[in-house]
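Below you'll find the structure, written out as structure tokens, and then a few comments.
The values are calculated or read from the model by the stated rules, or taken from the named source; none is laboratory data. Everything numeric in this text was worked out from a predicted model, so none of it was measured. So basically every Cβ, Gly included, is an ideal-geometry build from the backbone, and we count neighbours across all protein chains shown.
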Amino acid sequence: SPTDLKEVESYIKDHYAEPDDSIYGIAKGKNVVYIHLESFQQFLIDYQLPDENGVNHTVTPFLNSLYHGESTYSFDNFFHQVKAGKTSDAETLMENSLFGLNQGALFTQMGDKNTFEAAPNILKQKADYTSAVFHGHSASFWNRDKTYKHLGFDYFFDSSYYDVNDDNSFQYGMHDKPFLNQSVQYLEHLQQPFYAKFITVSNHYPYSRFKNEEDGFPMANTKDETINGYFATANYLDTALKEFFDYMKASGLYDNSIFVLYGDHYGISNTRNKELAPLLGKDSDSWTDYDNAQLQRVPFMIHVPGATNGGINHTYGGQVDALPTLLHLLGINSKKYLQLGQDLFSPEHKQVVAFRDGDFVTPQYTFYGGKMYDNQTAQVIDEPTPEQEQVFTELNQAVDQQLITSDKINNGDLLRFYQNSGLDSIDPNSYDYRNQKA
Ligand code: GP9
Ligand code: MN
């Protein structure tokens, strides 16, 4: 109801984080290339997998070079915040700075009904961007074909726009190399500046080797086939991205673009983590929920060609923070929008990362599976001091408030009442993804 909207607006006002002047607008007018790294966890970055002869193999040499480069603003304490909606929840978070639902997937339940003020819509109306999603899988998966119209994506190139066959695809769609390669013909024709999102799939469970793909990257040697294949599929994604960047450079698009790379969620589930532990230099027997929580880190890297003051930023944040961060880099203030995250570069950014079920991580504490841990010792805090009690209560409240506000907006479809953004409403029926020209 409109009363709920008032409460939401006051929350947003209290939590708005001012942009940092030194970085505001550095990418104004540039194309934005979003790269969705399927099931990609932060531990893969800089990881070396030993083969049967004890020779180390770097899993993601290309991503590592971006991660460490002076033109990339990289984050090493960035967490996914998805629940059952998996990939689609990550999209909800990144495009809207709102959470998915606590049960099921927002895309499926509300994506074709609700009003949104998502990234493509804001960028179109404020800075004349054209938007497109590229994904080598069927359009209806996760209700994307309908949801993207509500988010305001101009184009959606699904698998029907690609030459897909048994050799270049698997159950979740096309392998990343042919997918990115065939995407180029469509990307080249997009009106600039564009906001283009590429959703990769090769690094998706069950991480099995592809037919017709060059062998070469070793398998890990655990009792769990899922873990064993994860490094090779991540390595394949890495090579596919290198090829894509080479194309972007050759076409001249690279210099006019920024690249945002993010991991959508874990690839190895908590039930498998004890088996993974030795590969991370940890002891399976002493593995706890604290360790599970720390493994929910995913990459977040903003590569800005020409920038020289990038580096690894240790700020704690999550997917909900991505959109205000991006808008400020593009010189668009996020203040008027109902976004629940905070610009990661803002000196006012609060380092409390909420998981969808109410657990959370901060630089000092981890609350996971109903227990509070001290990050310094990785041990449960059984007897908190009165000061700690106070801090924990405040953190719990902050997390609950953020999640409840998200649910209010989504469940009440409150953006349909919201006028203060100054955005014109969009007509989902005006998009036709079936007859797009290359
Ligand atoms: C399918 C792909 C995978 O189109 O995006 O989704 P996920 O299973 O990771 O939610
Ligand atoms: Mn996914």
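Tabulated data
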read-out	value
Residue identified as within 30 Å of Lys124 (Cα to Cα), in contact (Cβ under 8 Å) with a residue 40 or more places away in the chain and away from ligand 1 (no atom under 16 Å from the Cβ) among Leu241, Leu276	Leu241
Residues located in the range 4-43, provided they are of a type outside the set (Asp, Glu), farther than 27 Å from Ala398 by Cβ and within 16 Å of ligand 1 (Cβ to nearest atom)	Tyr34, Ile35, His36, Leu37, Ser39, Phe40
Among (1) more than 20 Å from Met301 (Cβ to Cβ); (2) in contact (Cβ under 8 Å) with a residue 12 or more places away in the chain; (3) out of contact with any helix residue (DSSP H, G or I) (no Cβ under 9 Å at 6 or more places or on another chain), the one test that Gly85 misses	(3)
Qualifying position, being out of contact with any Gly (no Cβ under 9 Å at 6 or more places or on another chain) and small (Gly, Ala, Ser), among Gly318, Gly306, Gly310	Gly306
Contacts under 7 angstrom Cβ, first residue in the range 124-145 being β-branched (Val, Ile, Thr), partner within 11 Å of ligand 1 (Cβ to nearest atom), 6 or more apart	Val133/Ile199
Hey, Asn181 surrounded by fewer than 19 Cβ atoms within 10 Å (Cβ to Cβ), more than 16 Å from ligand 2 (Cβ to nearest atom) and of a type in the set (S, T, N, Q) or not	yes
Cβ pairs under 7 Å, 6+ apart, first in the range 36-48 and free of Cβ contacts under 8 Å to residues at least 60 places away in the same chain, second away from ligand 2 (no atom under 12 Å from the Cβ)	Asp46/Asn64; Gln48/Asn56; Gln48/His57; Gln48/Thr58
Test: residue in the range 246-258 that is within 17 Å of the chain's Cα centre (by Cα) and either part of a strand (DSSP E or B) or within 23 Å of Met94 (Cα to Cα) (or both)	yes
Condition check for Thr271: crowded, with 17+ Cβ neighbours inside 10 Å and among the hydroxyl-bearing types (Ser, Thr, Tyr)	no
Test for Ser10: is it within 16 Å of ligand 2 (Cβ to nearest atom) and either among the small types (Gly, Ala, Ser) or assigned to a helix (DSSP H, G or I) (or both)	no
Scope the range 317-352; condition among the aliphatic types (A, V, I, L, M) and more than 22 Å from Leu395 (Cβ to Cβ); matching residues	Leu323, Leu326, Leu327, Leu329, Leu330, Ile332, Leu338
Flag if Gln379 is closer than 30 Å to Ile23 by Cα and either surrounded by fewer than 16 Cβ atoms within 10 Å (Cβ to Cβ) or touching a residue at least 60 places away in the same chain (Cβ under 8 Å) (or both)	no
Failed condition for Asp224, given (1) crowded, with 20+ Cβ neighbours inside 10 Å; (2) farther than 23 Å from Glu95 by Cα; (3) acidic (Asp, Glu)	(1)
Only listed residue being more than 16 Å from ligand 1 (Cβ to nearest atom), more than 19 Å from Ala240 (Cα to Cα) and modelled with pLDDT of 95 or more, chosen from Thr115, Thr58, Thr92	Thr115
Qualifying residue in the range 221-232 (condition: under 30 Å from Asn121 (Cα atoms), of a type in the set (A, V, I, L, M, F, W, C) and in contact with a strand residue (DSSP E or B) (Cβ under 7 Å, 6 or more places away or on another chain))	no
Count - residues of the range 320-370 that are more than 26 Å from Ala307 (Cβ to Cβ), of a type in the set (S, T, N, Q) and not in a strand (DSSP E or B)	2
Residue in the range 4-13 that is surrounded by 13 or more Cβ atoms within 10 Å (Cβ to Cβ), of a type in the set (Asp, Glu) and at pLDDT below 95 present	yes
Residue that is farthest from ligand 2 (Cβ to nearest atom) [pool: residues in the range 13-43 that are of a type in the set (D, E, K, R) and in a loop (DSSP other than H, G, I, E, B)]	Asp21
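Matching residues to (1) more than 30 Å from Leu338 (Cβ to Cβ); (2) of a type outside the set (A, V, I, L, M); (3) in contact with a Phe, Trp or Tyr (Cβ under 6 Å, 6 or more places away or on another chain):
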residue	(1), (2), (3)
Pro19	no, yes, no
Val32	no, no, yes
Asn56	yes, yes, no
Gly100	no, yes, no
